[in-house]
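Step one of this worksheet: look at the structure below.
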Amino acid sequence: MHKELNCCKAFDDGIKEFYEEHSELDQPVLLANKDNDATIQLAEDTEESTAVVRRALKVSECGGVKLISLFSALSNNKNNKKGLHNVYVNYFHVTIGPSVHFPDVSNPRYQSHGRGTAHLITYLTEHRAFMEFVKDNKIQCTLNHLEQNVMKGLHCSQTISQMVVPVSFSIRVMHPYASHVCSPGTEKLNMLDLGPYHTSVKAHIKQLIEDPSPLFSSDPNSYKTATPDGQPWSDMKAWVAYIKLLPTLPHVCPLMLDRLKRALEHLEKFTIEFDEGSLIDTFTEAKQLAGNMPPTNNNNIFINTYINSEKVHTFLRQEARQIDESGVEKARREALNDHK
């Protein structure tokens, strides 16, 4: 799983480098904090560049990951008085469905940013409307600085491009990769046996670089050639949103191909111990069995699979439906939404 995490991080770093290398392109909107934004604005008004201004520009960030982090901080703030928590849940209970929470990316969890990006891309129009709802329900009808940054990011096509590309990479490469090593049925998988699979994933990325047509195909069955295992999309809604957004976004094709090369370079570096002729590759079956290692550093992931079984889910759904049928919670949420 660390290899998956490092590969995704390299992919994101590559996105940032792409815009640095192509300064002639329109850049993603800067999402600076309140103090740095004031410093930058003052410098633009006076047309002066000082060390303070240069530092403010250097430490300020932009792009898809920054936007996801800001939105998560807005909707999942640990301080209930600073975030939108229940406002977010109640609003999307009506527009999307019950129990909708924005993925928490502030805690170290594998693929948390990927899930947040996919969620925001899938319901992009709804999240833009939500920010307008937040603005209209304030006395002064104005957003605070964090909310203004989120609004700017949601309407910046370059920022959206930076979110669409990793979503495509995740559902085509990283989700199948992660599922292979930590999905139900892999409890007895030996990490030392993963060499051939790593080789197949790298070969798949090379194939996508040579023939990128599956990356941009609107055929729902393109997963057969676009994913390393040929299995259906891990997030069908995110794939549909990706296809709909493609014609409206700039630089997606060169950005995707350029970053696939970057991800491949790092994946080859992270899996060098499995290369042909390496020590692991030359292990006998007896040595591999003696050195048996789990494929993930979290042994509890298989326990969670048992706890979150269909039988347990059925019981929890039955209990939740009984509570929902009472109508008390629904009435409370409706009252909160109607309150001005």
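The values are calculated or read from the model by the stated rules, or taken from the named source; none is laboratory data. Note that the structure is predicted; figures quoted are calculated from it, not measured. Every residue, glycine as well, gets a Cβ built from its backbone with ideal geometry; the counts of neighbours run over all protein chains shown.
The table below lists the values:
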item	result
Pick from segment 260-293, criterion assigned to a helix (DSSP H, G or I) and of a type in the set (A, V, I, L, M), ranking: farthest from residue 192 (Cα to Cα)	260
Qualifying residue in segment 107-116 (condition: among the charged types (D, E, K, R), over 25 Å from residue 334 (Cβ atoms) and modelled with pLDDT of 85 or more)	no
Helices (runs of 4 or more DSSP H) wholly inside segment 114-184 that include at least 2 residues being more than 19 Å from residue 253 (Cα to Cα)	124-136, 145-154, 175-182
Candidate set from segment 210-227 (those that are closer than 20 Å to residue 200 by Cβ and not polar (S, T, N, Q)); member that is surrounded by the most Cβ atoms within 10 Å (Cβ to Cβ)	226
Residue selected from segment 171-203 under the condition modelled with pLDDT of 85 or more and surrounded by 20 or more Cβ atoms within 10 Å (Cβ to Cβ), by the criterion nearest to residue 227 (Cα to Cα)	172
